[in-house]
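Please read the structure below before turning to the comments.
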Amino acid sequence: MEGTHFLQAPFGELLKNYRKGKKVTQRQLAEKLGIHYNSVWAWERGDHLPETKGMVLEIARQLSLNDQDTRHLLEASLTAVSPYWTIPYPRNRFFTGRDELLKDLHNLLRQNRAAVLTQSFALSGMGGIGKTQTAIEYAYRHAPHYSALFWIDAETSESMLESYTSIATLLSLSAQYEADQQKIVASVIRWLMSHRDWLLIIDNLEERTLIQPLLPAQHSGSLLLTTRMQALGTIAQPLAMERMTVQEGAQLLLRRAGRILPGASLNVASMQEVALAKSIVEAMDGLPLAIDQAGAYIEETQCSLADYWTLYQSSAVTLLNEPDKHSDYPASVFKTFTLAFEKIQQRNLEAIELLCACSFLAPDAIPEQLLINGAQLLGSRFLALTSHPWHYQAAIKDLLAYSLMHRQGEAKILTMHRLVQAIIQESLPEMVQKAWVERIIQLVNQSFPADRLTRLTVEQWAWCGQLLSHALVGAALSERWQDAFPDVSQFLLKTANYLRDRARYREAEPLYERAIVVCTREQGSSHPLTALSRMHRGLLYEYEGKDSEAEPLYLQSLAICERELGPIHTDTIQCLNTLAALYNYQGRYKEAEPLYLRALATCEQELGPIHLDTTQALNNLAVLYGLQGRYEEAEPLFQRALSTREQTIGLTHPSTAASLNNLATLYRKQEHYEKAEPLYQRALAICEEKLGPSHPSTATSLNNLALAYRAQGKYSEAEPLYQRALIICEEKLGPSHPSTATSLHNLAMFYRDQGQIQEAEVLLRRALTIREQELGSLHPDTAQSLADLALLYHKQGKNAEAKTLLQQALVIAQQVLDAQHPLIKEINQSLIDFAKD
C-alpha cells in the first residue's frame, strides 16, 4: 500500500497543542472533566493515557474540537504511551471483520517471546485482500502491548531505506545524519537488537532478498510482514488472508457507503439493502478492496445500491477501474491486478499462458490434469510450457508469488479469484478472448466422456463432477459469441446430459435448447445429431413429468435415425429404448414390448451379450415384465443385467444400484423380503454416496426400502424413510411431479395401515390429483390411486363412493394393462369383497 509517511504525534503532545490552541490551562480542563489536574499533567507528559474512549471524547467536547481533530486525538489515544510510532496511516474507521485473525495473530506474536522465528509472521494473500489494512488495525488495536511500533515500506529498496531513515530520526540515533544509508540501517538494526517488545511492520514485501539484509539477526521484538508471496522461507511464517464472508462484506459495504454508521451491525439496515449488499459482495467474491471501492463509489455518487448493482452487472470491469479518488485504497481493483499482470509479463511469459487459460475456466478447483492432458488444445506455447515440467513449475511459482493463483499441491488443484479472471479477460483484445473461449470449449468437450453417466465408471463419474463448473463457465462464455464455435453443440449436449442425470433440470433446459438451435443451424433439422439433441431434450421433459411433450420428440428422433443411420445403429437403438421406456411408464405395455424386443435383439447381435447397451435393453424388458406381473420371465433378465453391470462398471456404480433396486422390487412383489431387503439397503448406500442424499434416485431407494419395511410390519423404520423421500421429491422435482405423487401415495398407504385414516385420505387425494393432471386418466398409476382411495373409503363405510372409484379404476386398468396384471386381479377381488359386505 503506497502513501506518504508521517510520524503520528503522541497523545500527550497532541493534547497539549489542542489545549493551548484553545487557551485552556491544565487546571481548567481538569475542572471541566471533573478530575485532578495531575491527571492532565500526566497525560501530556506521556506517563499515562485516558482509560476509556469516552473520556477522550469528553476531552474533545470540552475543547470544542472538530471531527477531524477528535479523530486524531482518538487515534493517538490508541497508540502506545511510548512516542516511538511511525505507522504512516490513520486508523480505518470502516475496518470490518478479521477479529479471529487479529486475535490469533496477537497470540502468535506475543507467545514464546524468547524465540526468534516464532515472533515473525506474515499476512499473505492477493492484492486487495486487506493485508495492509489488517496490519494497520493490528497496530492500533494492540499498540499498548509494544514499547515501539515501526513501519517499513518494503515495495522497493529505496522505500525501505527511506523508512529506516525515518526510524533513525525518530530514535534520535547519531547515524541519522550519515550520507551512507547502509550505516543508518545498521544503527537501526543495532537499536532493535538491544531493545525489546517492539513491533516492526514490513508492508508490501515484493522480494525476499531485499529484506533479509535489513533485519536483525537476533532480537526480542516482533516482525509482521504483509506480502503477496506464499513462500517466505525462514523470514516469517505466512498466515493466509481469506476473502471476507458475505456477512462481513455486506457490513463493510454498507458502512463504507454511509448506509449504516461505522461499527453498526446489519440489523439497522433494511432487508432490501442487506440483500443487495450481499449480492454485490458475492459477485465480488469477498475481495475487500472491491467492496471498499464500491462503497466509496456509492457514497461519492449518492446512487442507490440497486442502481450500483445494475451497473455492476453490466459494466463490472469499468466500475473496478474507477479513479482512485473514490476509495481509501491507493489503487483501484483494476490497477492492482493489471500491475501484477505486467510484472508477471516481465518475469515469465510462459506464466501468462497458464494465467490466461485459467482465467477462462471456473475460478475454483481447476484440475491441473485437465490443463496438462489437454495442453495440445490450448495453443503451441501452452503445449511447450507443459512439455517441460521445470518450466511449468516455474510458471506456477511466479503466479503464486503474486497471489494471482493458489495451489493445492497434493490434490493438484489451482484456484483464482473471479475478479482477477474478469480483469485479465477484459485486458485481452476481443479476438484473443474469443480464441481462448474456443480452446476452453474444445478442452472441456474432449475431457467430458461421450457416454451418459449410466454407462460411465465410478472414476469417470467423479471426473465429470470436477469438470462441470468449468463446462458451465464455458457455456456462459460461448453464449456471448452466439455459440459460434466448432463442437459447441456436442459440448452443450454433454453438459446438459450431466446436469439432467444429476437432477439439475432447470440448468439443463437452456443448454438443451441451445444445442438444438446450434445443431439445426449447422447440420440441419434432419441430421442425426439434431435428432439426438431432441431425444435428450425429450428425456428431460419425461424426468420433469411432461410425457406429452416428450413423445413427439422421441418419435421424430427415431424416424430420423432409422432413415439416416439405419435400423441397427446404436443411436437408433437408443431412440427405440427411450420411446419404449416412455410407453412402459405410461402403461402402454403392448406398444413398449415389441420396441424392447427389437432393441434387445439388435444389441445382442451387433454389440454382444455383455455390452452396456445390451444390459440396458435387458433391464428395460425385465422392468416391463415385472410391471405386468410376469415375474418368472423378469427375474433372469434382472439377474443377468445386475451381474454384467457389477463386472463392467463396478459394484458401487449408480446404474448397479438401479439394477439392485429392480431385482429387489421383483422379490418384494413376490414377498421374498429376506432377499429384497439387503439389495435395497445396498442400493440406497450407493445412491447416497455417489449421487448425494437429496438426489431423486436416492428418494426412489428410500421409498423402495420403506415399502419392504412396511410389508414386514417394521413401521418405525419405514416412516422416516417415506418422509425423507417425500421431502426430496418436493424440493428437487416439485410438488406436482409424478414422483412426488408416488411418495405421497406410499406415505398415505403407510398411514392407512397405521389407522391414521384422515392423514391417509389427504395424501391419497393429492396424489390422485397429480396423476390425473400429469399422467392423464388412462394411466396405471391413476388406476392404482383410484383403487387405493376406494379401499380407504370402504374402511370408512363409504361403500357407494368406494364402489364407484373401483369401477373407474377397473375400466382404466383393462384399457392399459394385460388381463392377467396383478392390479386388475386386485380390483376384481375388491369388487367381490364389496359385494359380500
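Does the range 776-786 contain at least one residue that is of a type outside the set (A, V, I, L, M), assigned to a helix (DSSP H, G or I) and more than 16 Å from L823 (Cβ to Cβ)? Walk me through how you get there before you give the answer.
Filtering the range 776-786 for residues of a type outside the set (A, V, I, L, M) gives 776-777, 779-782, 784-785.
Next cut, assigned to a helix (DSSP H, G or I) only: 780-782, 784-785.
Still in the list and also more than 16 Å from L823 (Cβ to Cβ): none.
Taking every residue of the range 776-786 in turn, none turns out to be of a type outside the set (A, V, I, L, M), assigned to a helix (DSSP H, G or I) and more than 16 Å from L823 (Cβ to Cβ).
If I167 passes every condition in (1) more than 41 Å from the chain's Cα centre (by Cα); (2) of a type outside the set (S, T, N, Q); (3) open to solvent by 10 Å² or more (accessible area, probe 1.4 Å) but one, which one does it miss?
Tallying (1) more than 41 Å from the chain's Cα centre (by Cα); (2) of a type outside the set (S, T, N, Q); (3) open to solvent by 10 Å² or more (accessible area, probe 1.4 Å), I167 fails exactly one: (3).
Residues S172, S147: which one is open to solvent by 30 Å² or more (accessible area, probe 1.4 Å) and touching a Phe, Trp or Tyr at 6+ places or on another chain (Cβ under 6 Å)? So that I can check it myself, show each step before the final result.
On the way: S172 fails: touching a Phe, Trp or Tyr at 6+ places or on another chain (Cβ under 6 Å).
It is S147.
Hey, Y793 hits all of (1) more than 30 Å from D547 (Cα to Cα); (2) open to solvent by 50 Å² or more (accessible area, probe 1.4 Å) but one; which does it fall short on?
Status for Y793: all satisfied but (2).
If you take the residues of the range 211-228 that are open to solvent by 10 Å² or more (accessible area, probe 1.4 Å) and of a type in the set (S, T, N, Q), which of them is modelled with the highest pLDDT?
Residue satisfying both the conditions and the ranking: Q212.
So, of the residues in the range 545-570 that are open to solvent by 40 Å² or more (accessible area, probe 1.4 Å) and touching a Phe, Trp or Tyr at 6+ places or on another chain (Cβ under 9 Å), which turns out to be modelled with the highest pLDDT? Spell out how you get there, then give the answer.
Our first condition is that a residue be open to solvent by 40 Å² or more (accessible area, probe 1.4 Å); within the range 545-570, this holds for 546, 548-549, 552, 555-556, 559, 562-565, 567-570.
So of that shortlist, the ones also touching a Phe, Trp or Tyr at 6+ places or on another chain (Cβ under 9 Å) come out as 548-549.
Working: S548: 83, E549: 92.
Once the filter is applied, the top-ranked residue is E549.
In the range 680-707, which residues are part of a helix (DSSP H, G or I), open to solvent by 30 Å² or more (accessible area, probe 1.4 Å) and either more than 21 Å from A741 (Cβ to Cβ) or basic (K, R) (or both)?
Q681, R682, A685, E688, E689, K690
Looking for something at pLDDT below 90 and of a type in the set (A, V, I, L, M, F, W, C) - is there at least one such residue anywhere in the range 775-782?
yes
How many residues, within the range 57-68, are modelled with pLDDT of 85 or more and either open to solvent by less than 40 Å² (accessible area, probe 1.4 Å) or not charged (D, E, K, R) (or both)?
8
Answer yes or no: is there a residue in the range 574-597 that is outside any helix (DSSP H, G or I) and buried (at least 23 other Cβ atoms within 10 Å of the Cβ). Step through it out loud before you land on a result.
Going through the range 574-597, the residues outside any helix (DSSP H, G or I) turn out to be 586-588.
After this cut, where a residue has to be buried (at least 23 other Cβ atoms within 10 Å of the Cβ) as well, the list is 587.
For the range 574-597, residues outside any helix (DSSP H, G or I) and buried (at least 23 other Cβ atoms within 10 Å of the Cβ): present.
What are the pairs with Cβ atoms under 6 angstrom where one residue, in the range 257-276, is farther than 17 Å from C303 by Cβ and the other, located anywhere, is open to solvent by 60 Å² or more (accessible area, probe 1.4 Å)? Sequence gap at least six, or different chains.
P262/R93
From the residues in the range 512-544 that are open to solvent by less than 60 Å² (accessible area, probe 1.4 Å) and β-branched (V, I, T), which one is nearest to E730 (Cα to Cα)?
Selected residue: I516.
Are any of the residues in the range 178-197 in a helix (DSSP H, G or I), under 30 Å from G286 (Cα atoms) and either open to solvent by less than 10 Å² (accessible area, probe 1.4 Å) or touching a strand residue (DSSP E or B) at 6+ places or on another chain (Cβ under 6 Å) (or both)? Full working, then the answer.
First, the residues of the range 178-197 that are in a helix (DSSP H, G or I): 181-194.
Narrowing further to those that are under 30 Å from G286 (Cα atoms): none.
Within the range 178-197 (the criterion being in a helix (DSSP H, G or I), under 30 Å from G286 (Cα atoms) and either open to solvent by less than 10 Å² (accessible area, probe 1.4 Å) or touching a strand residue (DSSP E or B) at 6+ places or on another chain (Cβ under 6 Å) (or both)), the answer is no, since none of the residues qualifies.
Mind listing just one residue for me: the one in the range 229-259 that is open to solvent by less than 30 Å² (accessible area, probe 1.4 Å) and assigned to a loop (DSSP other than H, G, I, E, B) and, of those, farthest from I201 (Cα to Cα)?
For the range 229-259, the residue satisfying everything is A257.
Just to be sure I understand the filter: pairs with C-beta atoms under 6 Å, separated by 6 or more residues or on different chains, first member in the range 160-178 and over 16 Å from P213 (Cα atoms), second member among the basic types (K, R) and surrounded by fewer than 19 Cβ atoms within 10 Å (Cβ to Cβ). Which pairs pass?
A175/K183
Consider I129 carefully, then state whether it is in contact with a Phe, Trp or Tyr (Cβ under 6 Å, 6 or more places away or on another chain), β-branched (V, I, T) and either part of a helix (DSSP H, G or I) or under 21 Å from E206 (Cβ atoms) (or both). Walk me through it before giving the result.
Numbers: in contact with a Phe, Trp or Tyr (Cβ under 6 Å, 6 or more places away or on another chain): no; β-branched (V, I, T): yes; either part of a helix (DSSP H, G or I) or under 21 Å from E206 (Cβ atoms) (or both): yes.
It is false that I129 is in contact with a Phe, Trp or Tyr (Cβ under 6 Å, 6 or more places away or on another chain), β-branched (V, I, T) and either part of a helix (DSSP H, G or I) or under 21 Å from E206 (Cβ atoms) (or both).
Residues checked against (1) part of a helix (DSSP H, G or I); (2) more than 23 Å from the chain's Cα centre (by Cα); (3) among the hydrophobic types (A, V, I, L, M, F, W, C):
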{"residue": "T386", "(1), (2), (3)": "yes, yes, no"}
{"residue": "W390", "(1), (2), (3)": "yes, yes, yes"}
{"residue": "A394", "(1), (2), (3)": "yes, yes, yes"}
{"residue": "K397", "(1), (2), (3)": "yes, yes, no"}
{"residue": "S403", "(1), (2), (3)": "no, no, no"}
{"residue": "A422", "(1), (2), (3)": "yes, no, yes"}
{"residue": "Q433", "(1), (2), (3)": "yes, yes, no"}
{"residue": "R439", "(1), (2), (3)": "yes, yes, no"}
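Identify the residue in the range 708-719 that is more than 13 Å from L744 (Cα to Cα) and in a helix (DSSP H, G or I) and, among all such residues, is most open to solvent (accessible area, probe 1.4 Å).
So in the range 708-719, the residues more than 13 Å from L744 (Cα to Cα) come out as 708-718.
With the extra rule that they be in a helix (DSSP H, G or I), the set shrinks to 708-711, 715-718.
Numbers: A708: 0, Y709: 18, R710: 47, A711: 52, Y715: 76, S716: 101, E717: 84, A718: 0 Å².
So, considering only residues that are more than 13 Å from L744 (Cα to Cα) and in a helix (DSSP H, G or I), the one most open to solvent (accessible area, probe 1.4 Å) is S716.
Report whether or not Q460 is on the phi > 0 side of the Ramachandran plot, open to solvent by 10 Å² or more (accessible area, probe 1.4 Å) and at pLDDT below 95. Break it down into steps so the answer makes sense when it comes.
Details: on the phi > 0 side of the Ramachandran plot: no; open to solvent by 10 Å² or more (accessible area, probe 1.4 Å): yes; at pLDDT below 95: yes.
No: the conditions fail for Q460.
If you check A435 against the conditions, is it open to solvent by less than 50 Å² (accessible area, probe 1.4 Å), within 14 Å of F360 (Cβ to Cβ) and at pLDDT 90 or above? Before the answer, list the steps.
Working: open to solvent by less than 50 Å² (accessible area, probe 1.4 Å): yes; within 14 Å of F360 (Cβ to Cβ): yes; at pLDDT 90 or above: yes.
Taking the combined requirement at face value, the residue satisfies it.
Would you say N112 is open to solvent by 20 Å² or more (accessible area, probe 1.4 Å), outside any strand (DSSP E or B), at pLDDT below 90 and at positive phi?
Numbers: open to solvent by 20 Å² or more (accessible area, probe 1.4 Å): yes; outside any strand (DSSP E or B): yes; at pLDDT below 90: yes; at positive phi: yes.
The answer is yes for N112.
List the residue pairs whose Cβ atoms are under 7 Å apart, where the first residue sits in the range 27-55 and is at pLDDT 80 or above, the second is among the polar types (S, T, N, Q), and the two are 6 or more positions apart or on different chains.
If the second residue must be among the polar types (S, T, N, Q), the pairs left are L29/Q62; A30/S39; K32/Q62; L33/Q62; V40/Q26; W41/Q26; P50/S77.
Would you be able to say whether some residue in the range 760-771 is open to solvent by 20 Å² or more (accessible area, probe 1.4 Å) and at positive phi?
No, the range 760-771 has no match at all.
Open to solvent by 10 Å² or more (accessible area, probe 1.4 Å), at pLDDT below 95 and in contact with an Asp or Glu (Cβ under 8 Å, 6 or more places away or on another chain), is that true of Y312? Please lay out each step first, then the result.
Numbers: open to solvent by 10 Å² or more (accessible area, probe 1.4 Å): yes; at pLDDT below 95: yes; in contact with an Asp or Glu (Cβ under 8 Å, 6 or more places away or on another chain): no.
It is false that Y312 is open to solvent by 10 Å² or more (accessible area, probe 1.4 Å), at pLDDT below 95 and in contact with an Asp or Glu (Cβ under 8 Å, 6 or more places away or on another chain).
Here are Q369, Q345, Q293: which of them is open to solvent by less than 40 Å² (accessible area, probe 1.4 Å) and polar (S, T, N, Q)?
Values: Q369 fails: open to solvent by less than 40 Å² (accessible area, probe 1.4 Å); Q345 fails: open to solvent by less than 40 Å² (accessible area, probe 1.4 Å).
Within the list Q369, Q345, Q293, the selection yields Q293.
Before we move on, is S469 crowded, with 23+ Cβ neighbours inside 10 Å, at pLDDT 90 or above, in a helix (DSSP H, G or I) and hydroxyl-bearing (S, T, Y)? Break it down stepwise before answering.
Working: crowded, with 23+ Cβ neighbours inside 10 Å: no; at pLDDT 90 or above: yes; in a helix (DSSP H, G or I): yes; hydroxyl-bearing (S, T, Y): yes.
Criteria not met by S469.
For G249, are the conditions met, namely being closer than 24 Å to L101 by Cβ and modelled with pLDDT under 90?
Numbers: closer than 24 Å to L101 by Cβ: yes; modelled with pLDDT under 90: no.
Considered against the rule, which asks whether it is closer than 24 Å to L101 by Cβ and modelled with pLDDT under 90, G249 comes out as no.
Return yes when L618 is among the aliphatic types (A, V, I, L, M), touching a Phe, Trp or Tyr at 6+ places or on another chain (Cβ under 9 Å) and buried (at least 24 other Cβ atoms within 10 Å of the Cβ) and no when it is not. Break it down into steps so the answer makes sense when it comes.
Values: among the aliphatic types (A, V, I, L, M): yes; touching a Phe, Trp or Tyr at 6+ places or on another chain (Cβ under 9 Å): yes; buried (at least 24 other Cβ atoms within 10 Å of the Cβ): yes.
Yes, satisfied.
Applying the selection to the range 720-743, what residues are open to solvent by less than 40 Å² (accessible area, probe 1.4 Å) and either closer than 19 Å to H672 by Cβ or part of a helix (DSSP H, G or I) (or both)? Break it down stepwise before answering.
Of the residues in the range 720-743, the ones open to solvent by less than 40 Å² (accessible area, probe 1.4 Å) are 721-722, 725-726, 728-729, 733-734, 737-738, 740-741, 743.
Answer for the range 720-743, where residues must be open to solvent by less than 40 Å² (accessible area, probe 1.4 Å) and either closer than 19 Å to H672 by Cβ or part of a helix (DSSP H, G or I) (or both): L721, Y722, A725, L726, I728, C729, P738, T740, A741, S743.
The values are calculated or read from the model by the stated rules, or taken from the named source; none is laboratory data. Just so it is clear, the structure is predicted and the values come from calculations on it, not from any experiment. A quick note on method: Cβ atoms are made from the backbone with ideal geometry, for glycine too, and the neighbour counts reach across all protein chains shown. Ligands, DNA and RNA are stripped out before the accessible areas are found, and what is left, the full protein with its side chains, is counted by its heavy atoms. Shrake-Rupley method; radii C 1.70, N 1.55, O 1.52, S 1.80 Å.
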